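Trainee: Can you keep this structure in mind? I'll have questions shortly.
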Amino acid sequence: MKIMVNGQERALAAPVTVAALLDELGMAGKRVAVEVNQEIVPRSRHMQFQLNDSDRVEVVFAIGGG
Amino acid sequence: MNAPVNNLSDALVIAGKTYSSRLLVGTGKYKDMDETRRAIEASGAQIITVAIRRTNIGQNPNEPSLLDVLPPSRYTYLPNTAGCYSADDAVRTCRLARELLDGHDLVKLEVLGDEKTLYPDIPATLKAAEILIKDGFKVMVYTNDDPIMAKRFAEMGCVAVMPLAAPIGSGLGIRNPYNIRFIVEEAKVPIIVDAGVGTASDAAIAMELGCAGVLMNTAIAQAQDPVLMASAMKKAIEAGREAFRAGRMPRKQYGSPSSPLGGTFFQP
């Protein structure tokens, strides 16, 4: 299956949870916020939340800005 | 004996929280994280704005994260919606920020209307403010220097109204002090000049006009010496505030001697 992560296509061999995806991206334990198809996925649900084919995932963090 | 006015407590209160500093600063455009940290420390600011971006954008893997360098336990974070040109994008950004910052609900709403001027899109800003307030956010809203809009935003429940002094990043200073004065006179919530300040005197003028505070980024970050400018801004904000509270003397057209006219020894 294929999903979009931060605007880039990503192929997955098997369905994964948000937590597993973050792990794969090297962001496990990092302070980030996740949105799937424009809905927030709270941190408390990362372990359960299953990603589906063609989901659009955004992973964001805080950077310098005015 | 009367106590001097400036001995009274003069804290800034936003959404029920008290701040001793009236200078709010952005964290963008610095050379590196170390310069960011040093400038923000020198500014004495307690409220700092941050942007919300994709994790694969604008990050240097060798640099510590902003949240490590400027811990949210020490600073009040003010996530912004910079770069949003629609109400929907601004609302999404605020919801992501709230999730990122563990339920923190204070946000700086800006919905831009034009890339050249970075002026706010007021209808879209109104729409976003309405959704965000309903959703429990405490909205500090970036707007133009229009007294009617400032009043409208306060009435609808924004916790602070932040009129621009001049376009974002322009450093042109307060282009319409009369409008800022009108806005302050009618204010039911803190009025914070946001954007356009270029140097310390601009910040002092904003405070002398009676503004509750000033939010700036570029004026500090793009100074030749950002840490020194941050210190200058801190003093300008304090000086301007004290001058406002002290109440300036009336302007006169002609001279008025400061020394007594009588008692001179050279008079016949």
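Taken together, the values in this text are just the output of simple stated rules run on the coordinates, not laboratory data. The shown structure was predicted, so the numbers you read here are calculated from the model rather than taken from an experiment. Counting neighbours? That spans all protein chains shown, and the Cβs are built from the backbone with ideal geometry, glycine included.
Trainee: With springs connecting C-alpha atoms under 10 Å apart, model chain B as a Gaussian network and identify which of B:Asn56, B:Asn217, B:Asn80 has the largest mean-square fluctuation.
Mentor: B:Asn56
Trainee: While we're here: Which parts of segment B:99-127 would a label at B:Asn176 reach, counting a residue when its backbone N lies under 19 Å from a point 7 Å out along Cα-to-Cβ?
Mentor: Residues B:110-126 fall inside that zone.
Trainee: Apply the Karplus parameterisation 6.51 cos²θ - 1.76 cosθ + 1.60, with θ equal to phi minus 60°, to every residue of segment B:109-114 and state each ³J(HN,Hα) to the nearest whole Hz, in sequence, with x for glycine and proline.
Mentor: Working through the residues one at a time gives 8, 9, 10, 8, x, 6 Hz.
Trainee: Over the Cα atoms of segment B:79-216, each weighted equally, I'd like the Debye log10 I(q)/I(0) at q = 0.15 Å⁻¹, rounded to two decimals.
Mentor: Reported log10 I(q)/I(0), two decimals: -0.66.
Trainee: Just check the protein assembly as shown against the gyration tensor rule for me: Cα atoms, a ≥ b ≥ c as the square roots of the eigenvalues, rounded for a/c under 1.5, and otherwise prolate or oblate depending on whether a/b exceeds b/c.
Mentor: prolate
Trainee: Something else about it: Taking Cα atoms, how many degrees apart are the long axis of helix B:33-43 and the longest axis of chain B, rounded to 10 and kept between 0 and 90?
Mentor: 30
Trainee: Stokes-Einstein D for segment A:1-63 at 20 °C, 1.002 mPa s, Kirkwood Rh over Cα pairs, in µm²/s? It would help to have the intermediate numbers written out before the result.
Mentor: Details: Rh = 11.6 Å.
Value of D from the Cα-based Kirkwood radius: 185 µm²/s.
Trainee: Quick one: net charge around A:Arg10, please, counting Lys, Arg +1 and Asp, Glu -1 for every other residue with C-beta under 15 Å from its C-beta. Display every interim value, and only then the final one.
Mentor: Details: positive: A:Lys2, A:Arg56, B:Arg54; negative: A:Glu9, A:Asp23, A:Glu24, A:Asp53, A:Asp55, A:Glu58.
Taking every Cβ under 15 Å from that of A:Arg10, the sum is -3.
Trainee: For the pair B:Asp225 and A:Gln48, what calculated FRET efficiency results from E = 1/(1 + (r/R0)^6), where r is the Cβ-Cβ distance and R0 = 56 Å, to the nearest 0.05? Could you put the intermediate results ahead of the total?
Mentor: On the way: r = 51 Å, r/R0 = 0.91.
That gives a FRET efficiency of 0.65.
Trainee: Shifting gears a bit: Among B:Thr81, B:Thr218, what is the fewest-to-most ranking by other Cβ atoms within 10 Å? All intermediate terms of the calculation are to be shown ahead of the outcome.
Mentor: Numbers: B:Thr81 27, B:Thr218 19.
Placing the least packed residue first, the sequence is B:Thr218, B:Thr81.
Trainee: Over chain B, with a Gaussian network built from C-alpha contacts below 10 Å, which listed residue (B:Ser170, B:Ser21, B:Ser256) shows the highest mean-square fluctuation?
Mentor: B:Ser256
Trainee: Now, a different point. Over all residues in B:46-55, what is the mean tally of Cβ atoms on other chains that come within 10 Å of each residue's Cβ? Can you show the working numbers first?
Mentor: Details: counts 0, 0, 3, 4, 6, 7, 7, 7, 10, 15.
The per-residue average across the peptide is 6.
Trainee: Could you work out how far the C-alpha centroid of segment B:193-207 sits from that of segment B:111-131, in angstrom?
Mentor: Rounded to whole Å, the Cα centres lie 22 Å apart.
Trainee: Related question: List the lysines whose alpha-carbon lies under 19 Å from that of B:Lys188, not counting same-chain residues fewer than 8 positions away?
Mentor: B:Lys17, B:Lys108, B:Lys138, B:Lys151
Trainee: May I pose another question? Counting pairs of alpha carbon atoms under 8 Å apart in space and at least six apart in sequence, what relative contact order in percent does chain B give?
Mentor: Contact order relative to length: 18 percent.
Trainee: Mind ranking A:48-59, B:224-235 by how tightly packed they are, going by the mean number of other C-beta atoms within 10 angstrom, highest first?
Mentor: Details: A:48-59: 15.2, B:224-235: 18.1.
The most tightly packed comes first, giving B:224-235, A:48-59.
Trainee: When a/c is below 1.5 the answer is rounded, else prolate if a/b is larger than b/c, else oblate, so apply that to segment B:1-160 with a ≥ b ≥ c taken from the square roots of the Cα gyration tensor eigenvalues.
Mentor: Oblate.
Trainee: How high is the relative contact order of chain A? Use alpha-carbon pairs under 8 Å, at least six apart in sequence, and give a whole percent.
Mentor: Relative contact order here is 44 percent.
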